[in-house]
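The values are calculated or read from the model by the stated rules, or taken from the named source; none is laboratory data. Quick caveat: nothing in here was measured; it's all calculated off a predicted structure. No Cβ is skipped: glycine too gets one built from the backbone with ideal geometry, and neighbour counts run over all protein chains shown. Just the protein is used for accessible areas: all its heavy atoms, side chains included, with ligands, DNA and RNA removed. Shrake-Rupley method; radii C 1.70, N 1.55, O 1.52, S 1.80 Å.
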Amino acid sequence: MRSTRGKHPIELSDIVFRADPRSGDPAEVGRLARSTGFFSLEEVAVAVELIETRMEKGGDSGYHFIFAERSGQMVGYACFGPIPCTLAGYDLYWIVVLDEFRGRGLGKRLLARTERVIAAAGGTRVYVETSCRGQYEPTRAFYERCGYRLEAVLKDYYAPGEDKAIYRKVLVGENTPDRAGEYERSGTQGSGDLGTAP
Ligand SMILES: CC(C)(COP(=O)(O)OP(=O)(O)OC[C@H]1O[C@@H](n2cnc3c(N)ncnc32)[C@H](O)[C@@H]1OP(=O)(O)O)[C@@H](O)C(=O)NCCC(=O)NCCS
């Protein structure tokens, strides 16, 4: 486990989760994505476009969100949705945690909540793509720690020398009530059109 020495302790117990988008969310999503230093301007624009599309079209957009807030400020979010023309496959499009909240288990809680919502909606597999660039090594470590397995590497996908990694997690058997203790149970305020996470 990484050290948090030198960082101010941040209490995660007062984090509130919600799924229903609000009018200020596109700006907050943009702020959060920009603050990571991970994403290009083009990628930030895509992140904002997804939440705007969700707000415009609702659940029919295919984009679903879980937002994490502390004292009214968005400190993390996940965006996911069913993969068209697949049986029970879901994509995790984005997951972001504000820099000063990283390494304290918030990403894991967001992802666990996302998986619970997906499982409750009948999803059985979650796919996530990321770059093989060195900068994303922590991101890949995060997915692996959360039970995602590397399924494929597409050579030179993003650019010559920058491969794409595709990870998968099978949810069947992972989100049964017997294992529910691994997941947070309280605090989600609504869940969009995918039903409430158990
Ligand atoms: C990836 C990200 C969402 C992870 O969130 P986080 O809150 O920092 O992660 P957590 O503290 O919940 O860590 C969960 C597990 O992943 C591991 N992990 C997280 N960051 C890691 C790192 N930098 N190096 C190694 N392992 C790491 C943790 O050790 C932990 O394992 P454990 O449960 O065995 O202790 C966050 O770091 C982030 O926003 N990164 C920038 C944006 C990004 O890359 N998003 C994904 C692509 S859209």
Task: Options Gly72, Gly122, Gly161, Gly103: the member that is open to solvent by 10 Å² or more (accessible area, probe 1.4 Å), on the phi > 0 side of the Ramachandran plot and within 16 Å of the ligand (Cβ to nearest atom) - done: Gly103
- [ ] Among the residues of the stretch 106-119, write down those that are away from the ligand (no atom under 13 Å from the Cβ), closer than 19 Å to Gly76 by Cα and either assigned to a loop (DSSP other than H, G, I, E, B) or open to solvent by 10 Å² or more (accessible area, probe 1.4 Å) (or both).
- [x] Arg116
- [ ] Would you check which residues across the stretch 125-158 are assigned to a strand (DSSP E or B), more than 9 Å from the ligand (Cβ to nearest atom) and not aromatic (Phe, Trp, Tyr) and list them?
- [x] Arg125, Val126, Arg149, Leu150, Glu151, Ala152, Val153, Leu154, Lys155, Asp156
Open item on the list: Between Thr36, Thr53, which is modelled with pLDDT under 95 and among the hydroxyl-bearing types (Ser, Thr, Tyr)?
Closed with: Thr36
TODO: Kindly indicate the residue of the stretch 75-97 that is aliphatic (A, V, I, L, M) and closer than 23 Å to Tyr167 by Cβ and also farthest from the ligand (Cβ to nearest atom) among those meeting that condition.
DONE: Leu87
